[in-house]
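First the structure, in the form of structure tokens, and then the observations on it.
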Amino acid sequence: MSGAAQAAARGLRLVASGSLLALFVVPIVALALYPPLDTVLAEAADPAVRASVAFTLLASGIALAVTLLLGVPLGHLLARRKFPGRSVVEAAVALPVVVPHLIAGLAILLAFAPQSPLGALAVRLGVPVFATVWGVVLVMVYVSAPYTVLASELAFRAVDDRLLETARSLGASPTAATRTIALPLALRGIVAGALLSWARAVSEIGGLLIVAYTVYPSGPYAGPVTSPISVYIYTVYQISLAQAAAISVVFVLVAFALFVLVRLVERAGGLPWRAGALPL
Amino acid sequence: MTAWRLSGLSTERAGFRLGPVDLALAPGETVAVLGRSGAGKTTLLRMVAGFQTIASGSVRRDEDDVTHAPPEARGAVYVPQGLGLFPHRTVRRNVAYPLELRGGGGAAAPAVRELLDRFGLAGLADRRPPTLSSGEQQRVALARALAAGPKLLLWDEPLGALDLMAREELLAALASIRARDKIPMLLVTHDPTLALSLADRWLLLDAGRAGYLGPVGPLVAAPPDPFAARFVGYENVYAGGDGGGTRPGFLGSLADRFGPGGLAVGVPTADAPSARGTDRFLATVDRVEPGPAGCTLAAVADAVPVRLRLPPGSPVPRRGESVSFRLAGVPVAPIGGARAGEA
């Protein structure tokens, strides 16, 4: 390739990458610049906003724990086992990604409505779904877990079989080999998937509009009646764009701070997936 | 002191059938498994290790039948190609791994320190395997295997891609395991040095079938096939009909004595083309390969390739130049036939 052609290709790459990055950043800058600073500060201090943010962090935290607890074993199963009906399981995992979330919300509502068998069971077990933190958690798990499952599957698949065989040969049971070798080596990928899942969970609105537009205290949530943050912002937006933008800025800052914190801890070697540090 | 017996061991996978293989391993005995790529060497090791389903036959450890025991319950430590070192663990924690599994104190255990010292790994204990040289990695694999207290060591290609010095070190380490720990070993190798210096017996596999099993001596005297002939050090190997008995020239002269079948021939010494003698043959140099014991000449004589050794200090011929050689005193063995002799 001639020098001029190379320069043209480089220029094209720069323009393409720059355009996409601008698309990512410019709307956030526009959002940040729109509300007056005192409105942002006022919203940040508003107990109703704080309640919504706190509730969202609580519900998304529980959803993440459930997602990891159920999603990582499923990812491991898909990566390591051949079994009949595997393609059905893979299709089921992809379902929440392809079904529009408003429709997913309707489906969850119908499946868990108090008069349905599942809903009645949930009520009897003390975890009613409609308008509770459990409903929010359920919707969040539904829409976000596929990312953890898929990331775990890829991460486990990337672990060299020979390492696991060596571990077995050195005396490890299948479970011990998974715990001591596969899991630490897959952890980076799993954490990346978990971060995606969490981000997806906190940004959910479609399913929540149906299942838990308003949330009443129940289970681990003892705060005031509130809404998940996306629903809350949507509600305020119908009254005041500036206020909605100000609350959005507050939540983006909180989410970004959490994300930076995770990265900083990872960089400092404080998280267990830093190779070898896992006490297994 | 454990003895092993493989009886009629066979398996089938994706159209490839291996076996039946019969092999008894005495305590402390080392058997080298040799064969071309795809002969089933690794599959055999994996069957014994418990990673390959056994279709028929049995694996016995002393009096115990471990044919269908899970890998962790066999006492046979398998070191795969690539060594299987855990990249997320330090050298110390790799070596400590088997002890951790048994609740034996892990990285701080005296046994770990002893193994690190024995294999010269103490200074590398806090490094991770990917940062080590291949020789160091081999020593880690060896120390870790010993930490598991193996009753049998199954090692796929121990010498891998080691440089000369690392090979010497590893051979010495394996020899010490044989002499000191008396652990029987089943080694898959492509490396004649390893097999010659370490193995008590050789097992040849050919396309899944077990062939020769025994000490190396008879194998040198009468290699069963061209692969075995090359493996035991014959550099000039001719299948039946490679000029033998059908045309004049050096192969024809050998065929007169050894018959028309395949022939394994050592390396004749190259002389100046003007050298005199009744049994001399002329060859044209195609390539010169320098080596520690003088140059090897890849040449063509009577339209047949022949490798010749140039004595150190001799003038090196160029491509296309002629040299002469004699077969007198050169080891020759009929392939798959009677015993060897000298030409």
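The values are calculated or read from the model by the stated rules, or taken from the named source; none is laboratory data. As the structure is a computational prediction, the values presented were derived from the model and not from experiment. We place every Cβ from the backbone using ideal geometry, glycine too, and count neighbours over all the protein chains shown.
Please verify whether A:Ala158 is surrounded by fewer than 19 Cβ atoms within 10 Å (Cβ to Cβ), more than 14 Å from chain B (Cβ to nearest Cβ) and either more than 18 Å from the chain's Cα centre (by Cα) or among the hydrophobic types (A, V, I, L, M, F, W, C) (or both), treating the condition exactly as stated. Write out each step before concluding.
Numbers: surrounded by fewer than 19 Cβ atoms within 10 Å (Cβ to Cβ): yes; more than 14 Å from chain B (Cβ to nearest Cβ): no; either more than 18 Å from the chain's Cα centre (by Cα) or among the hydrophobic types (A, V, I, L, M, F, W, C) (or both): yes.
So A:Ala158 does not fit the description; no.
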- Within the stretch A:138-155, considering residues that are among the hydrophobic types (A, V, I, L, M, F, W, C) and more than 16 Å from the chain's Cα centre (by Cα), the one farthest from the other protein chains (Cβ to nearest Cβ): A:Leu154
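Of all the strands (runs of 3 or more DSSP E) wholly in the stretch B:137-242, which have at least 1 residues that are hydroxyl-bearing (Ser, Thr, Tyr), outside the structural domain of B:Ala73 (by TED's automatic domain parsing) and buried (at least 22 other Cβ atoms within 10 Å of the Cβ)? Talk me through it step by step, then tell me what you get.
Values: elements: B:152-156, B:185-188, B:201-206, B:209-214, B:236-238.
Where strands (runs of 3 or more DSSP E) fall fully within the stretch B:137-242 and carry at least 1 residues being hydroxyl-bearing (Ser, Thr, Tyr), outside the structural domain of B:Ala73 (by TED's automatic domain parsing) and buried (at least 22 other Cβ atoms within 10 Å of the Cβ), they are B:236-238.
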- Message: All but one of (1) at pLDDT below 90; (2) within 25 Å of the chain's Cα centre (by Cα); (3) within 12 Å of chain A (Cβ to nearest Cβ) hold for B:Leu159; state the number of the condition that does not hold.
- Response: (3)
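Results for (1) basic (Lys, Arg); (2) under 30 Å from B:Val95 (Cβ atoms), shown as yes or no for each residue.
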residue	(1), (2)
A:Ser116	no, no
A:Val123	no, no
A:Gly135	no, no
A:Arg162	yes, yes
A:Glu165	no, yes
A:Ser173	no, yes
- Yes or no: A:Val127 in contact (Cβ under 8 Å) with a residue 60 or more places away in the chain and either of a type in the set (A, V, I, L, M, F, W, C) or on the phi < 0 side of the Ramachandran plot (or both)? yes
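Out of curiosity, is B:Val33 within 14 Å of chain A (Cβ to nearest Cβ) and either at pLDDT below 90 or crowded, with 20+ Cβ neighbours inside 10 Å (or both)? Steps first, answer last, please.
On the way: within 14 Å of chain A (Cβ to nearest Cβ): no; either at pLDDT below 90 or crowded, with 20+ Cβ neighbours inside 10 Å (or both): yes.
So B:Val33 does not fit the description; no.
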- Within the stretch A:161-170, the residues that are over 16 Å from B:Ala147 (Cβ atoms) and either of a type outside the set (A, V, I, L, M, F, W, C) or more than 7 Å from every other protein chain (Cβ to nearest Cβ) (or both) are A:Asp161, A:Arg162, A:Leu164, A:Glu165
- Query: Consider B:Thr53 against the criteria (1) of a type in the set (Ser, Thr, Tyr); (2) within 11 Å of chain A (Cβ to nearest Cβ); (3) part of a loop (DSSP other than H, G, I, E, B): it satisfies all of them except one. Which criterion is unmet?
  - Reply: (2)
- Query: Which one is farthest from the chain's Cα centre (by Cα), of the residues in the stretch A:215-230 that are assigned to a loop (DSSP other than H, G, I, E, B) and closer than 20 Å to A:Ser248 by Cβ?
  - Reply: A:Ser227
- Message: Checking the structure you have, find out if any residue of the stretch A:122-137 is within 14 Å of chain B (Cβ to nearest Cβ), in a helix (DSSP H, G or I) and buried (at least 18 other Cβ atoms within 10 Å of the Cβ).
- Response: no
- So which residues in the stretch B:56-85 are at the interface with another protein chain (Cβ under 8 Å from one of its Cβ atoms) and not in a loop (DSSP other than H, G, I, E, B), if there are any at all? B:Pro71, B:Glu72, B:Ala76, B:Val77, B:Tyr78, B:Val79
- B:Thr11 fails exactly one of (1) buried (at least 19 other Cβ atoms within 10 Å of the Cβ); (2) within 21 Å of B:Leu142 (Cβ to Cβ), namely (2)
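Restricting attention to the stretch B:98-118, which residues are within 12 Å of chain A (Cβ to nearest Cβ), part of a loop (DSSP other than H, G, I, E, B) and not charged (D, E, K, R)? Write out each step before concluding.
Of the residues in the stretch B:98-118, the ones within 12 Å of chain A (Cβ to nearest Cβ) are B:98-104, B:106-107.
Of the ones still in play, those that are also part of a loop (DSSP other than H, G, I, E, B) are B:102-104.
Selection gives B:Gly103, B:Gly104.
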- Which numbered condition trips up A:Ser173, out of (1) within 30 Å of B:Pro98 (Cβ to Cβ); (2) more than 10 Å from every other protein chain (Cβ to nearest Cβ)? (2)
- Task: Quick one: in the stretch B:297-324, of everything that is touching a residue at least 60 places away in the same chain (Cβ under 8 Å) and closer than 12 Å to B:Pro268 by Cα, which residue is surrounded by the most Cβ atoms within 10 Å (Cβ to Cβ)?
- Result: B:Val306
- Query: Name the pairs: first residue in the stretch B:162-182 and at positive phi and touching a residue at least 40 places away in the same chain (Cβ under 8 Å), second residue surrounded by 13 or more Cβ atoms within 10 Å (Cβ to Cβ) and outside any helix (DSSP H, G or I), Cβ to Cβ under 6 Å, at least 6 apart or on different chains?
  - Reply: B:Lys182/B:Pro27; B:Lys182/B:Gly28
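Check A:Leu150, A:Leu185 and return the single one that is under 22 Å from B:Arg93 (Cα atoms) and of a type outside the set (D, E, K, R). Break it down stepwise before answering.
Values: A:Leu150 fails: under 22 Å from B:Arg93 (Cα atoms).
From the options A:Leu150, A:Leu185, the qualifying one is A:Leu185.
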- Which of (1) in contact with a Gly (Cβ under 9 Å, 6 or more places away or on another chain); (2) assigned to a strand (DSSP E or B) is the odd one out, the single condition B:Ala32 does not satisfy? (1)
- Of the candidates A:Gly105, A:Gly71, A:Gly11, the one satisfying the condition of being surrounded by 10 or more Cβ atoms within 10 Å (Cβ to Cβ), closer than 30 Å to A:Val249 by Cα and not aliphatic (A, V, I, L, M) is A:Gly105
- Every pair of residues 6+ apart whose Cβ atoms lie under 9 Å, when the first sits in the stretch B:119-130 and is within 14 Å of B:His88 (Cβ to Cβ) and within 12 Å of another protein chain (Cβ to nearest Cβ) while the second is of a type in the set (A, V, I, L, M) and assigned to a loop (DSSP other than H, G, I, E, B): B:Arg128/A:Ala275; B:Arg128/B:Leu85; B:Pro129/B:Leu83; B:Pro129/B:Leu85; B:Pro130/B:Leu85
- Message: Going by what's in this entry, would A:Gly270 be described as more than 14 Å from every other protein chain (Cβ to nearest Cβ), over 30 Å from A:Pro73 (Cα atoms) and modelled with pLDDT under 85?
- Response: no
- Query: Would you pick out the residues in the stretch B:86-97 that are within 11 Å of A:Ala167 (Cβ to Cβ) and more than 7 Å from chain A (Cβ to nearest Cβ)?
  - Reply: B:Asn94
